[in-house]
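This report refers to the structure that appears directly beneath it.
The values are calculated or read from the model by the stated rules, or taken from the named source; none is laboratory data. Predicted model only: the values in this text are computed from it and were never measured. Every residue, glycine among them, receives a Cβ derived from its backbone with ideal geometry; neighbour counts consider all protein chains shown. Calculation scope for accessible area: heavy atoms of the full protein, side chains included, ligands and nucleic acids excluded. Shrake-Rupley method; radii C 1.70, N 1.55, O 1.52, S 1.80 Å.
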Amino acid sequence: MTITVGVLALQGAYQKHVKSLSRLGVESRLIRKPGELQACSALIIPGGESTTISLLMQEYGFYPAIKSFAENHPVLGVCAGLILMADEVDDKRVTPLKLIAFKARRNFYGRQVHSFTADVTLNFDHRPFHAQFIRAPGIEELSPEVEVLASHNDEVVMIGAGKHIALSFHPELNDDTRIHNYWLSRCKQTASN
Amino acid sequence: MKNNNNESTPYANDDFKVKVGLAEMLKGGTIMDVTNAEQAKIAEDAGACAVMALERIPSDIRRDGGVARMSDPDMIQQIKDTVSIPVMAKCRIGHFAEAQIIQALEVDFIDESEVLTPADEANHIYKHDFKVPFVCGATNLGEALRRIGEGAAMIRTKGEAGSGNIVEAVRHMRALQNEMQRLTTLGREQLMSVAKDMGAPYDLVCYVAEHGELPVPNFSAGGIATPADAALVRQLGAQAVFVGSGIFKSEDPAARAVAIVKATTHFDDATVLLEVSRGLQPGMKGLEMSEIPEEERLAARGW
């Protein structure tokens, strides 16, 4: 079965994900209305400003649409996308989708002057990933059934729960497509189950 | 921490990538000029992806005259304390001491801006010296590449700030897009000559010739007053928009701010654009370009 990945295109780095997917030969489409999800078999919620994306999701009825989509389809959330996938957020300005059992903390590492790059240890690949953390969120109160997929200096920075993955750094800002590739291979597994 | 810093091409190093990374996150969004915490809150609630903290919005600077400088740090601090989205602040062209102060305040982006009175008529700031990313204005490709050469992590094509008139933003966005398009049609042997004529760094000219776009995000600023204006510059290639006087000089800032945010997202969907254009109170009055004397045009500042 061929996968068509929807990339939520309300605000943020959505075009970079389209580029990463096309490098892997995977078809994608930009999603700006909930109805457009019907043509997709998976969804990426990209980085951007979580308050902006949350507000536009509410305005256009994305909350019920993504929640029901996520019951049967994989979702990848990056940075702001991670915040939106959480059960709980430390800031009332963002309404979470409650797709993975953890609490997200916005701007965990501080403002832009504290943004950084680091080699992150992946649990599914022996080579580290050179990751960019941009005003990145933190992962807290992780439920024991959630899988830790990557960490950096004892902080969990990437998690998986069934078909869903959330991460606090930006795989789309690198030419390295291993993270997208890993998520897609999990997508295919769930599709064949 | 691994750092691939290389002095000869500083825009290929990790520090620069992290700066451009934040610019990438602002794409598809609306950045709003605000002069106090209350306006910043309205902007954030309306869906702004960042705010620009400044003491007077461009149309008031234009009206009041005098020297326009960096904003009061306490005012910027109050705005930082009020909103969770990135906060930007402006320094004068070439005024690296103002930039150092703004960086010490931990603002997320610095705008080396022609809206303020230039401090140096020959030199812009060497922006690679800073940890905080910079955005700079440009009216053409040569100017954009010079700013990137100095370390700008984002370009905004200049409209005429405080005019409420979109014509200059369109002129400069089209100029930039046309020049980038032209470069992609040239042979390798022609690029040094282009670099010479444009006064632009050769390696950046080569990058544009190969990719057909700038190595950093390109937004549009100046003269955007309506949802339709935002949609127009987005369709012409702006990856996000800055709105200054257009929001807080209108009669219904909150409603207009939401409408412009939605128009920026749904820039190519006329059904949404129609819906958000309805029921707005009058926008700012605006100025015909012939009403602004050449020497008072802000877009002409910088080179």
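General remarks:
- Candidates in the stretch A:1-19 are the residues that are open to solvent by 10 Å² or more (accessible area, probe 1.4 Å) and hydrophobic (A, V, I, L, M, F, W, C); of these, the one that is nearest to the other protein chains (Cβ to nearest Cβ) is A:Val18.
- Scanning the stretch B:260-275 for residues that are in a helix (DSSP H, G or I) and either open to solvent by less than 10 Å² (accessible area, probe 1.4 Å) or in contact with a Ser or Thr (Cβ under 7 Å, 6 or more places away or on another chain) (or both) yields B:Ile260, B:Val261, B:Ala263, B:Thr264, B:Thr265, B:Val272.
- Search result, residues across the stretch A:46-92 that are open to solvent by 30 Å² or more (accessible area, probe 1.4 Å), closer than 21 Å to B:Val87 by Cα and part of a helix (DSSP H, G or I): A:Leu55
- Whichever residue in the stretch B:17-45 is more than 8 Å from chain A (Cβ to nearest Cβ) and among the small types (Gly, Ala, Ser) and, among such residues, is most open to solvent (accessible area, probe 1.4 Å): B:Ala37
- Scanning the stretch A:67-101 for residues that are hydrophobic (A, V, I, L, M, F, W, C) and more than 28 Å from B:Lys41 (Cα to Cα) returns A:Phe69, A:Ala70, A:Val75, A:Leu76, A:Leu99, A:Ile100, A:Ala101.
- Options B:Asp203, B:Asp229; residue that is open to solvent by 10 Å² or more (accessible area, probe 1.4 Å), modelled with pLDDT of 85 or more and under 17 Å from the mean Cα position of the chain (by Cα): B:Asp229
- Among (1) closer than 22 Å to B:Arg234 by Cβ; (2) touching a Phe, Trp or Tyr at 6+ places or on another chain (Cβ under 8 Å); (3) open to solvent by 30 Å² or more (accessible area, probe 1.4 Å), the one test that B:Tyr126 misses: (1)
- Restricting attention to the stretch B:164-199, the residues that are in contact (Cβ under 8 Å) with a residue 60 or more places away in the chain, among the charged types (D, E, K, R) and either farther than 19 Å from B:Arg147 by Cα or not in a helix (DSSP H, G or I) (or both) total 1.
- Candidate set: the stretch B:153-170, residues that are at pLDDT below 95 and either open to solvent by 10 Å² or more (accessible area, probe 1.4 Å) or on the phi > 0 side of the Ramachandran plot (or both); chosen: the one nearest to the chain's Cα centre (by Cα): B:Ala161
- When the test is whether a residue is under 26 Å from B:His211 (Cβ atoms), more than 9 Å from every other protein chain (Cβ to nearest Cβ), part of a helix (DSSP H, G or I) and without any contact (Cβ under 8 Å) to a residue 60 or more places away in the chain, A:Ser22 passes it.
- Candidates B:Asp120, B:Asp108 - the one that is within 14 Å of chain A (Cβ to nearest Cβ) and not hydroxyl-bearing (Ser, Thr, Tyr): B:Asp108
- Meets criteria (hydroxyl-bearing (Ser, Thr, Tyr), surrounded by fewer than 21 Cβ atoms within 10 Å (Cβ to Cβ) and free of Cβ contacts under 8 Å to residues at least 12 places away in the same chain) for A:Ser41: no
- Considering the stretch A:113-171, and only residues there that are of a type in the set (D, E, K, R) and surrounded by 18 or more Cβ atoms within 10 Å (Cβ to Cβ), the residue that is modelled with the lowest pLDDT turns out to be A:Lys163.
- Under the condition of being among the hydrophobic types (A, V, I, L, M, F, W, C), within 12 Å of chain B (Cβ to nearest Cβ) and assigned to a strand (DSSP E or B), the residues counted in the stretch A:100-148 number 6.
- Inter-residue pairs, beta-carbon under 8 Å, first more than 14 Å from chain B (Cβ to nearest Cβ) and in the stretch A:72-86, second aromatic (Phe, Trp, Tyr) and open to solvent by less than 10 Å² (accessible area, probe 1.4 Å), 6+ apart: A:Pro74/A:Trp183; A:Leu76/A:Trp183; A:Ala86/A:Phe102
- For the stretch B:104-129, a residue qualifies if it is without any contact (Cβ under 8 Å) to a residue 40 or more places away in the chain, over 18 Å from B:Arg297 (Cα atoms) and in contact with a strand residue (DSSP E or B) (Cβ under 7 Å, 6 or more places away or on another chain), and the qualifying residues are B:Ile110, B:Ile125, B:Lys127.
- Among the candidates B:Ile61, B:Ile101, B:Ile57, B:Ile79, residue that is within 14 Å of chain A (Cβ to nearest Cβ) and buried (at least 17 other Cβ atoms within 10 Å of the Cβ): B:Ile79
This table checks each residue for (1) of a type in the set (Asp, Glu); (2) within 16 Å of the chain's Cα centre (by Cα).
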| site | (1), (2) |
| --- | --- |
| B:Thr82 | no, no |
| B:Met88 | no, yes |
| B:Cys91 | no, yes |
| B:Glu98 | yes, no |
| B:Ala104 | no, no |
| B:Ile110 | no, yes |
| B:Ala119 | no, no |
| B:Ala122 | no, no |
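- Flag if B:Ile85 is without any contact (Cβ under 8 Å) to a residue 60 or more places away in the chain and surrounded by 17 or more Cβ atoms within 10 Å (Cβ to Cβ): yes
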